[in-house]
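Undergrad: This structure is in structure tokens; I'll ask about it shortly.
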Amino acid sequence: MNDRQLSSYGFGHQSHLSMPLYQEESQLKNISTNFDAPYKTIFDPIHGHITFSKIMWDIIDTPQFQRLRNLKQLATSHFIYMGNNHSRFEHCLGTGFLSKDLIHRCFDIIKKNRTEDQLDQNEIDYFIKCVSIAGLCHDIGHGPFSHLFDNIINNLGLENKFDHEEFGGRIIEYLIDDNNIEDIDEDMLKTINSLIDGTKLKKIEYKWIYQIVANKENSIDVDKFDYIQRDIYHSGVKTLSVDYQRIFQDINIINDNICFSEKNDMSLHSLFEARYCLHNKIYNHPKSICVDSMVKDALLLSNDYFKFEEAITSPEKFIKLDDHILDTILTFSLNDDEEINSNKKLLEAEKIIKRLYNRELYTIIGEIPIPLGKDEKPNLEDFLCEQNPKDEYYLTDKDIELRKKTINFGFKNKNPFETIYFYNPKRPNECFKKSMEHLLVMPQVFSESTILIFCKDDKKNERAKKLFEIYKNKLYRKWNAAQSPKDKKSLYIDTNNKFYFDEKENKNLETPRFGMESYLRNKREREGGDNSINQDE
């Protein structure tokens, strides 16, 4: 097969028509380097034809990186939304491409404002290489089912918490040594790891490079742009859109910060809006959380077999773990080793996964929205109250799970726009912040929390529903009692579980806790958009 045939399938050497935007704009005259020379092009449904250098392909074509094909980007979400079968592999390639694209754009800007004798080309080449590789490898430390695995490991009672970004650094080092990649030395590896976890190194002059892969300043980074665009595409949420090119084509570097053109403020607003909607409708869908809980229970019960605490001490052992772990659990009872096929914990884990595949999910008993300003932590002891007699329907802590889910605009309970630097194209050397509070479409609250309760034994659902009502009323009384005398009003809940004030004027006032959902819903109705999302249920 020749290069022309390969290109028709998305593979082959770089052609002029498929060059990334930064190459067409700069024509490679300023920042083309040997290590960064276009090597191969593939087609990505999100970004189109994307190109990587040889060093990046040397990393991609390794067992350690190819393992990401077997880690689904949205963990267990595909059990609810059938389109969500994309992998961490695709996301890492997309993020690697955007990292390379954005670092080139930024250095093009720097070169316009400085003379050649003020710049060190070797230093520029070094940072382009580091940022590109950091974007490519930023998720290489994820375990089976991604963030869910972090939670599982941290429930084993180990002395140190597991962090996939930190462990990813060890896997990258193992990848380099195991595959004899000589172009990355120890100093470069340290810089790459710092770019992934966002820990700034004092020796680095260009502090803005930490705002590309993992932006701790305002959370606007290429990782977010790729996963939001990719998840929208695969989930089928047609009403959402995020435009990377529109936002980053007019950036500027001012006071060591990546600054955005003031005219793109609404495009940035769409980014945070899309993130909220995905968390609300996809990532934190109640049934997705139920599936998460089932997988978590099965993996914790299977620890006698997998020995996760040992796997996280060795990158060589760790890379053998991926999402296919569920297939292994399903065969415990068929294992020839009697110690395995008779282990009660392992057989219980197999039973849970069979339930999952038979669509016998844990039952959602109810949700309790937490009012604004209340930092409520779910208390299982309070739920399992005295009205739970020890009969055949007696509920224990193994039958019930209380989960607190919190959704925000990406910066906890703060307005993310208060952390973003803008500039006016007429005054390109001055940057400023603006809260966007003047906009009618801007919510007044940027974080909301809900307590989700589900039962793991269908025979005990009625008892669980009874205890749920008692627990819910107990929380309402506590929240009412905590109100200040000035705002003393009686709270009650309607059939949609929303808080309202009971006033003489008989007004129904929605609490600020629902500000985000309400303004998005109203906005879509005004625009004539479809608020629905298709799901496999």
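The values are calculated or read from the model by the stated rules, or taken from the named source; none is laboratory data. Every value quoted in this text rests on a predicted model; they were computed, and no experiment measured them. Every residue, glycine among them, receives a Cβ derived from its backbone with ideal geometry; neighbour counts consider all protein chains shown.
Undergrad: How about segment 229-263: which of its residues are closer than 19 Å to residue 99 by Cβ and aliphatic (A, V, I, L, M)?
TA: 242, 247, 251, 253, 258
Undergrad: Related question: Within the group 228, 192, which residue is over 23 Å from residue 47 (Cα atoms), at pLDDT 95 or above and part of a helix (DSSP H, G or I)?
TA: Checking each option against the conditions leaves just 192.
Undergrad: If the requirement is being without any contact (Cβ under 8 Å) to a residue 40 or more places away in the chain and either among the small types (Gly, Ala, Ser) or in the same structural domain as residue 403 (by TED's automatic domain parsing) (or both), which of these qualifies: 267, 302, 261? Can you show your working first?
TA: Numbers: 302 fails: without any contact (Cβ under 8 Å) to a residue 40 or more places away in the chain; 261 fails: without any contact (Cβ under 8 Å) to a residue 40 or more places away in the chain.
After ruling out the rest, the residue left standing is 267.
Undergrad: Something else: Determine whether segment 253-270 contains at least one residue that is touching a Lys or Arg at 6+ places or on another chain (Cβ under 6 Å), among the aliphatic types (A, V, I, L, M) and farther than 24 Å from residue 397 by Cβ.
TA: No, segment 253-270 contains no residue that is touching a Lys or Arg at 6+ places or on another chain (Cβ under 6 Å), among the aliphatic types (A, V, I, L, M) and farther than 24 Å from residue 397 by Cβ.
Undergrad: Name the residues in segment 293-335 that are under 24 Å from the mean Cα position of the chain (by Cα) and in a loop (DSSP other than H, G, I, E, B), would you?
TA: Scanning segment 293-335 gives 312, 319, 320, 321, 322, 323, 324.
Undergrad: Any chance segment 153-160 includes a residue that's within 20 Å of the chain's Cα centre (by Cα) and either farther than 24 Å from residue 67 by Cβ or at pLDDT 90 or above (or both)?
TA: Yes - at least one qualifying residue is present in segment 153-160.
Undergrad: Considering only residues that are closer than 14 Å to residue 227 by Cβ, of a type outside the set (A, V, I, L, M, F, W, C) and in a loop (DSSP other than H, G, I, E, B), which ones fall in segment 46-77?
TA: Just the residues of segment 46-77 that are closer than 14 Å to residue 227 by Cβ, to begin with: 46-47, 68, 71-75, 77.
Next, only the ones that are of a type outside the set (A, V, I, L, M, F, W, C) stay: 47, 72-73, 77.
Across segment 46-77, the qualifying residues are 47, 73.
Undergrad: Quick one: is residue 357 under 28 Å from residue 462 (Cα atoms), at pLDDT 95 or above and aromatic (Phe, Trp, Tyr)?
TA: Yes.
Undergrad: Answer with yes or no whether residue 424 is of a type in the set (S, T, N, Q), farther than 30 Å from residue 476 by Cβ and more than 24 Å from the chain's Cα centre (by Cα).
TA: Here the answer is yes, as residue 424 does meet what is asked.
Undergrad: Identify all residues within segment 122-164 that are part of a helix (DSSP H, G or I) and exposed (fewer than 12 other Cβ atoms within 10 Å of the Cβ); write none if there are none.
TA: 122
Undergrad: Residues to consider are 422, 409, 383; find the one that is within 23 Å of residue 284 (Cα to Cα), modelled with pLDDT of 90 or more and touching a helix residue (DSSP H, G or I) at 6+ places or on another chain (Cβ under 6 Å).
TA: 383
Undergrad: Report yes if some residue within segment 166-182 is touching a Leu at 6+ places or on another chain (Cβ under 7 Å), at pLDDT below 95 and not aliphatic (A, V, I, L, M); otherwise report no.
TA: No, the conditions are met nowhere in segment 166-182.
Undergrad: Follow-up. For segment 165-183, how many residues meet the condition of being within 20 Å of residue 127 (Cα to Cα) and outside any helix (DSSP H, G or I)?
TA: 3
Undergrad: Could you grab me the full set of residues in segment 349-378 that are over 26 Å from the mean Cα position of the chain (by Cα) and surrounded by fewer than 20 Cβ atoms within 10 Å (Cβ to Cβ)?
TA: Listed by number, the residues that qualify are 351, 354, 355, 358, 360.
Residue-wise test of (1) crowded, with 19+ Cβ neighbours inside 10 Å; (2) under 18 Å from residue 422 (Cβ atoms); (3) at pLDDT below 90; (4) not hydrophobic (A, V, I, L, M, F, W, C).
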{"residue": "240", "(1), (2), (3), (4)": "yes, no, yes, no"}
{"residue": "243", "(1), (2), (3), (4)": "no, yes, yes, yes"}
{"residue": "250", "(1), (2), (3), (4)": "no, yes, no, yes"}
{"residue": "256", "(1), (2), (3), (4)": "no, yes, no, yes"}
{"residue": "259", "(1), (2), (3), (4)": "yes, yes, no, no"}
{"residue": "265", "(1), (2), (3), (4)": "no, yes, yes, yes"}
{"residue": "268", "(1), (2), (3), (4)": "yes, yes, no, no"}
{"residue": "271", "(1), (2), (3), (4)": "yes, yes, no, no"}
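Undergrad: Inspect all residues belonging to segment 430-447 and state whether any of them is farther than 28 Å from residue 275 by Cα and either not in a strand (DSSP E or B) or not basic (Lys, Arg) (or both). Explain how you work it out, then say what you get.
TA: Within segment 430-447, the first condition is being farther than 28 Å from residue 275 by Cα, and the residues that meet it are 430.
Still in the running and either not in a strand (DSSP E or B) or not basic (Lys, Arg) (or both): 430.
The answer is yes; a qualifying residue exists.
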